[in-house]
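Right, one structure below, let's go through it.
The values are calculated or read from the model by the stated rules, or taken from the named source; none is laboratory data. Model, not experiment: these values are computed from the prediction. Positions of Cβ are generated from backbone atoms using ideal geometry, with glycine treated the same way; all protein chains shown enter the neighbour counts. Just the protein is used for accessible areas: all its heavy atoms, side chains included, with ligands, DNA and RNA removed. Shrake-Rupley method; radii C 1.70, N 1.55, O 1.52, S 1.80 Å.
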Amino acid sequence: MAKLVLVYSLVVLGLALTSNAATYMVGDNSGWDISTGLDTWAQSKTFVVGDLLLFQYSSSHSLEEVKKEDFDSCNTTNVARTFTNGNTTVPLTEPGTRYFVCGNQLHCLGGMKLQVNVEDNQANPPIGAPQAQPAGGTLTQPSSKSNNPASVIPTSAGFVYGGRDCIVMAFLGFVASMFWVVQV
């Protein structure tokens, strides 16, 4: 009985330390593309520290993180980071505004740019997030990747459950197993 209580205590502690981060596929089914209404897409979302942005794009596009001035003018010569692998995950690690543009200046001028306002997440700080790989990094592209972002992740509504939800579920599992042990 004591071992069972110890095991469940460790499970509850482990689940309580998880993050409530959301993973957003930029542009939903359309992905990072000039035909996507990126302004409208971002306005309907609330981004918090710990969330992840997943950019899916074809080889005719790239992803560049820039400063506000360069975002406003679509200046693609002064970039903070460049990504070209077609499958980029960017962790939102601190509150503030982030700016992303397509490396093709004509695409940026056509609206292929994204401003993301990241709010502080004091209730559930992130435990850790994967780091985005800059161009020339060692991230390999899967050979089965298509240029259809919808084939990878259909929506941006996915969540990694953690925090209070996990504690409640672990407690219910503990109570159920206690009833099971008492009956046996």
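Quick notes on this structure:
- Test: residue in segment 40-55 that is part of a loop (DSSP other than H, G, I, E, B) and modelled with pLDDT under 90: yes
- Selection count, segment 93-122, where residues are in contact (Cβ under 8 Å) with a residue 40 or more places away in the chain and within 18 Å of Gly31 (Cα to Cα): 12
- Close pairs (9 angstrom Cβ cut-off, 6 or more residues apart or separate chains): closer than 11 Å to Val118 by Cβ and open to solvent by 20 Å² or more (accessible area, probe 1.4 Å) in segment 33-59, β-branched (Val, Ile, Thr) and not in a strand (DSSP E or B) anywhere: none
- Segment 60-88: number of residues that are exposed (fewer than 15 other Cβ atoms within 10 Å of the Cβ) and of a type in the set (Ser, Thr, Tyr): 3
- The criterion of at least 1 residues that are at positive phi is met, among strands (runs of 3 or more DSSP E) falling completely within segment 69-121, by 96-101.
- The single residue among Ser19, Ser30 that is buried (at least 20 other Cβ atoms within 10 Å of the Cβ) and modelled with pLDDT under 90 turns out to be Ser19.
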